[in-house]
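Working notes, beginning with the structure itself.
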Amino acid sequence: MPGFFISFEGVDGVGKSTQVKRLEAYLLEQGRSVLVTREPGGTPLGERIRQILLHGEDEAPRTEALLYAASRAQHVAQKIRPALDSGALVISDRYIDSSLAYQAGGRELTLADVRRLNSWATGDLWPDRTYLLDMSFQQSRQRLQGEPDRLESSGGAFFDRARQAFLALAEGEPDRFRVIDASQPIDQVWQAIKTDADGLLAGLPSPLASSFEADEPGMETDGRGR
């Protein structure tokens with residue numbers, strides 16, 4: 001697969017959306033072809049599932065995990081793989097690791113089951129680099145605005161479990177993950193990402209920038225909902 005796949009992870013409120021936008025702008029300045037997307041969502045079907053997950057009824061944990069995997073399967077088939085096959089750099093605000101942290105860690109499902117489900121849903125497609133923006137629950141809560149969605153209302157214990165699950169995933173795959181202290185000023189967080197990205201991309205070919213269609217209306221990254 002000639003493209004390069006980058007994901008951003010972390011609990012709600014750590015500033016993923018801000019850093020995704022900075023990385024997108026930086027890569028476009030270099031003349032690279034970039035697709036930015038998000039989860040849950042990224043496709044019309046995924047956006048409908050997103051509304052169910054974030055604003056619907058209180059789904060059972062296994063139902064929730066299956067809905068995320070269904071959205072992700074469509075996302076990979078319709079958006080991510082075609083972009084990677086064309087040689088683009090794909091940046092996703094959340095991906096499989098969010099399910100491993102939120103459903104296996106937060107909801108306390110079996111990690112192996114959630115990993116197996118999502119590996120099958122995506123054809124075992126994993127990011128080449130994952131930036132984990134890490135911050136305590138107390139600090140991240142202070143950054144969120146507006147009415148909390150269903151997941152944001154899950155409580156401190158849920159998010160503490162999810163955060164620890166993220167950190168355990170990063171410890172288990174140090175070659176893929178870079179853990180960044182998101183409590184730092186935004187510019188310092190960005191500098192850490194930029195420095196790492198420069199090293200990663202130095203050896204990659206630089207395809208001409210192409211105009212990937214912007215995500216359909218209503219699919220802009222909003223920094224909320226996982």
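The values are calculated or read from the model by the stated rules, or taken from the named source; none is laboratory data. Predicted, not measured: the structure shown is a model, and the values here were computed from it. Here the Cβ is made from the backbone with ideal geometry for all residues, glycine too, and neighbour counts use every protein chain on show. Side chains are part of the model used for accessible areas, which takes the heavy atoms of the whole protein and leaves out ligands, DNA and RNA. Shrake-Rupley method; radii C 1.70, N 1.55, O 1.52, S 1.80 Å.
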Pull up segment 1-26, narrow it to residues that are among the small types (Gly, Ala, Ser) and open to solvent by less than 20 Å² (accessible area, probe 1.4 Å), then point me to the one that is nearest to ALA197 (Cα to Cα). SER7
Is segment 50-64 home to any residue that is farther than 19 Å from PHE158 by Cβ, open to solvent by less than 20 Å² (accessible area, probe 1.4 Å), within 18 Å of the chain's Cα centre (by Cα) and among the aliphatic types (A, V, I, L, M)? no
Show the residue pairs that are 6+ apart or on different chains and have beta-carbon atoms under 8 Å apart, the first residue being within segment 84-110 and under 17 Å from ALA168 (Cβ atoms) and open to solvent by 10 Å² or more (accessible area, probe 1.4 Å), the second being aromatic (Phe, Trp, Tyr) and in a helix (DSSP H, G or I). GLY105/PHE166; ARG107/PHE158
Taking the condition open to solvent by 80 Å² or more (accessible area, probe 1.4 Å) and at pLDDT 60 or above, does GLN184 pass? no
When both residues are 6+ apart or on different chains and their Cβ atoms are under 9 Å apart, which pairs have a first residue that lies in segment 165-177 and is in contact (Cβ under 8 Å) with a residue 60 or more places away in the chain, and a second that is in a loop (DSSP other than H, G, I, E, B)? PHE166/GLY10; PHE166/VAL11
What's the number of the condition GLY41 fails, among (1) among the small types (Gly, Ala, Ser); (2) without any contact (Cβ under 8 Å) to a residue 24 or more places away in the chain; (3) surrounded by 21 or more Cβ atoms within 10 Å (Cβ to Cβ)? (2)
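Report, by residue number, each residue of segment 171-207 that is among the charged types (D, E, K, R) and either touching a Gly at 6+ places or on another chain (Cβ under 8 Å) or in a helix (DSSP H, G or I) (or both).
Hits for segment 171-207 are GLU171, ASP187, LYS194, ASP196, ASP198.
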Take the conditions more than 22 Å from PRO174 (Cβ to Cβ), charged (D, E, K, R) and free of Cβ contacts under 8 Å to residues at least 12 places away in the same chain and apply them to ARG116. Does it pass? yes
